[in-house]
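For reference, the structure is listed below as structure tokens.
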Amino acid sequence: MSQVKITLPDGSSREYQQGVTIKEIAFDIGPGLGRASVAGRVNGQEVDLAYQIEEDVELEIITIDSEDGLDIYRHTAAHVLAQALVRLFDDVQLAIGPTIDDGFYYDFDLEKRLSEDDFEQIEAEMKEIIKEGYEIERVELSKAEAIAKMKELGMDYKVELIEEMEDEVVSFYQQGEFIDPCRGPHLPSTKMLKTNAFKLLNLAGAYWRGDENNQMLQRIYGTAFTKKSDLEEHLHRLEEAKKRDHRKLGQKLDLFSLHEEGPGFPFFHPKGMVVRNQLIDFWKEEHRKAGYEEIKTPIILNQELWEQSGHWDHYRDDMYFTEIDEQDYAVKPMNCPGGILVYKDRMRSYRDLPIRLGELGLVHRHERSGTLHGLMRVRNFTQDDAHIYCLPEQIEDELSGVIKLVDTIYNAFGFKYNVELSTKPDKAMGSDELWEQATSALKEAILANDLDYEVNEGDGAFYGPKIDFHLEDCLGRSWQCGTIQLDFQMPERFDLTYIGQDGEEHRPVMIHRAILGSLERFMGILIEHYAGAFPTWLAPIQAEIIPITDDQLDYAYQVKEELEEAGIRVEVDSRQEKVGYKIREAQVQQIPYMLIVGDDEIEAGTVSVRERREGDLGAVKVEEFKNDLLEKIEKKV
RNA sequence: GCUAGCGUAGCUCAGCUGGUAGAGCAGCUGACUUGUAAUCAGCAGGUCACCGGUUCGACUCCGGUCGCUAGCUCCA
């Protein structure tokens, strides 16, 4: 027997007999580590504790309290869920069961339609399996054997998956009577799962392989932790997150509403309009500084325009149509064709380029009913659109300019964002060469700006690839907001030209871009981001004046007038209620400042300032409060 | 669009195995004139989403439609 040299992450190394398992090494290093170990990473590859080391390797022990350890733990929990389903339902067909950010799910096919009422029974069976404490063993079969095995068990989806694998050996994990093909690793035993720290959360339909043309499977989502308290904390966090839901806050803070009379067509209330208008003011200011001009184009335009743009061929199903004087018209789903008409309205010189035309354009799209979601996914929304017409050699600078503008605007709200590069979809216009050229230009712009990004294959617009900027909502769901699309198709289709230095006509390049994405979605994100407590510059009401009795009403209105004259949004709560009541009301409405005025304040010409988070700040002169507040608003703090 | 669930007063929710609805908050009226997160009393408010069926009788059971929620698909 020869020795193998194990190098640990800290650089130290140890010698063991060839064939030593990771579990043995972990216990050899220390019993504490041994007990906490769930798997290993050999030369960067995750493997089971029972994995035998046959040569010199770099080894990392994965412990239960690490992120990777928890992931393995949850993966085993998913297998236990699958095992429970197989035990409970004869005709269950297993599909896939991966881990996700906060838990795991398993997809399966079953004649019986499950409901959440069935969770209790399934969880009980899972607990039983955990208690029975099966060793979890890795089994390797040849591809042919693997297929035969799955056919024998009637697992058609697994057969399909294995048939498409390239490897000749397929690994399985067996626990008791249950066996499931899986890459692993897994916990060494089902009994390592805590019976009181997992929970099945919800049930959903999910298409096999994510394709809506396929069979719809049933999916059970669950989560698992190594401690009961962690599970409880997680569930508590979910509850707290739900309180930030923009749909709830929108109603509570009287910002907007949705009605059956117009599904997906949001109604903005006066307070919601304040936020929206502040956002627009900020947007306009930043765009003015970045060299944009603004236009406005019609909502309804002749159908022929949409045929020319390619929307008729590629986007018709998502559009609304109408008729005017027996002519066919369409309600715009995008602003570009209208904007193009503005560009084409006169001759353009190379000296004019780049031309940056911004438009807060109201678009309508027929989104499928099941996809609507508060303000995040609606059927009419205002895009903070702009189209940049430029020379080919200006592309790089223009793309960078937009990326920087996105960063500036998102930073004003403290948003973290994810960047995706979306490439050519199946349903696309134009040659592969042009797409390739446009895609690599976008990629270069991302790299030049030092952004991390992921590639989203086939998710581009039908006329060009795009860089998408994603923001997260209260539950961590990702929503596309900003987008930059490089387009060589529309200039061609609309025969866009500029006169070059040589006096000849040339083709400009077009960049479509939105920073906020849509005002509606962005506001939804904003509401959840701030949990309704908007920074003062955005707050619908910035200060609530609270007189203690009617005797101070005159003074209250006097203060109101002074602040209003300075442009501050202020209200007087003139109701005959106790101070505590009015304060509570203002707190619930997340008003940044409450100004309490009693006889003392009248006497001294002050207001007692209460800040919504810090509480009572004491009395200050009205003038001082005003200047202070104006400065905060100006600085957007 | 698909799968599952849900739809009772402006809001949040009760309503047992079918016998034509109730609370709190909000609203209105009155009293109280109040010092940093809810003063008291009274009043009013519902074709139980809509349409049809079963039944002597339906908020309750069944079917359909619409809307909402979670997820899938699709997307700003």
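With a simple spin-label model that places each label point 7 Å from the Cα along the Cα-to-Cβ direction, the separation between A:Arg351 and A:Thr371 comes to 4.6 nm.
Per residue, the solvent-accessible area of chain A (1.4 Å probe, heavy atoms of protein chains only, all protein chains present) comes to 49 Å². Nonpolar atom fraction for segment A:76-181, defined as the carbon and sulfur part of the 1.4 Å probe accessible area, stands at 43 percent. Between 0 and 90 degrees, the angle of helix A:67-88 with respect to the longest Cα principal axis of chain A falls at about 70 degrees.
Measuring nothing but protein heavy atoms, the accessible surface of segment A:428-480 at 1.4 Å probe radius is 41 percent carbon and sulfur.
Compute the Cα gyration tensor for chain A, then decide on rounded, prolate or oblate, letting a ≥ b ≥ c be the square roots of its eigenvalues: rounded whenever a/c is under 1.5, prolate when a/b is larger than b/c in the other cases, and oblate in all that remain. Show your work: numbers first, answer last.
Working: a/c = 2.02, a/b = 1.35, b/c = 1.50.
It is oblate, given that a/c is not under 1.5 and a/b is not larger than b/c.
Helix A:519-529 axis versus longest C-alpha principal axis of chain A: approximately 70°, rounded to the nearest ten. Projecting label points 7 angstrom from Cα along Cα→Cβ for A:Leu238 and A:Asp254 puts them 3.4 nm apart.
In terms of the Cα gyration tensor, with a ≥ b ≥ c the square roots of its eigenvalues, is segment A:46-148 rounded because a/c is under 1.5, prolate because a/b exceeds b/c, or oblate? Prolate, because a/c is 1.5 or more and a/b exceeds b/c.
Centre-to-centre separation between the Cα atoms of segment A:315-346 and those of segment A:376-398: 17 Å.
In what sequence, largest accessible area first, do A:Asp628, A:Asp107 appear using a 1.4 Å probe?
Values: A:Asp628 80, A:Asp107 5 Å².
Descending accessible area places them as A:Asp628, A:Asp107.
Normalised by the number of residues in segment A:528-631, what is the relative contact order in percent for Cα pairs under 8 Å and 6+ residues apart? This gives 27 percent for segment A:528-631. Report, in degrees rounded to the nearest 10, the 0 to 90 angle that the Cα long axis of helix A:579-588 makes with the longest principal axis of chain A. Result, in degrees: 60. Here the contact order of chain A, divided by its residue count and restricted to Cα pairs under 8 Å and six or more residues apart, works out to 9 percent.
Measure off, as a whole percent, the carbon and sulfur share of the 1.4 Å-probe accessible area of segment A:303-392, all protein chains present. For segment A:303-392, the apolar C and S fraction of the accessible surface comes to 41 percent. Specify whether the C-alpha gyration tensor of segment A:161-261 places it in the rounded, prolate or oblate class, a ≥ b ≥ c being the square roots of the eigenvalues: rounded for a/c under 1.5, otherwise prolate if a/b is larger than b/c and oblate if not. Cα axes put segment A:161-261 in the oblate bin.
What whole-number distance in Å separates the alpha-carbon centres of segment A:553-574 and segment A:71-133? First find each Cα centre; the distance between them is then 61 Å. Segment A:248-277 and segment A:38-53 have their alpha-carbon centroids 54 Å apart.
Bridge orientation summary for segment A:507-637: considering DSSP beta bridges with both residues in this region, about 55 percent are antiparallel.
From its DSSP helices (H runs of at least four residues, each -39,500 (n - 2.57)), chain A gives a residue-normalised ellipticity at 222 nm of -11000 deg cm²/dmol.
The values are calculated or read from the model by the stated rules, or taken from the named source; none is laboratory data. Note that the coordinates shown come from a computational prediction; the quantities given were computed from them, not determined experimentally. Methodologically, a virtual Cβ is constructed for each residue, glycine included, from the backbone with ideal geometry; neighbour enumeration extends over all protein chains shown. Accessible surface is based on the protein model in full, side chains and every heavy atom, while ligands, DNA and RNA are left aside. Shrake-Rupley method; radii C 1.70, N 1.55, O 1.52, S 1.80 Å.
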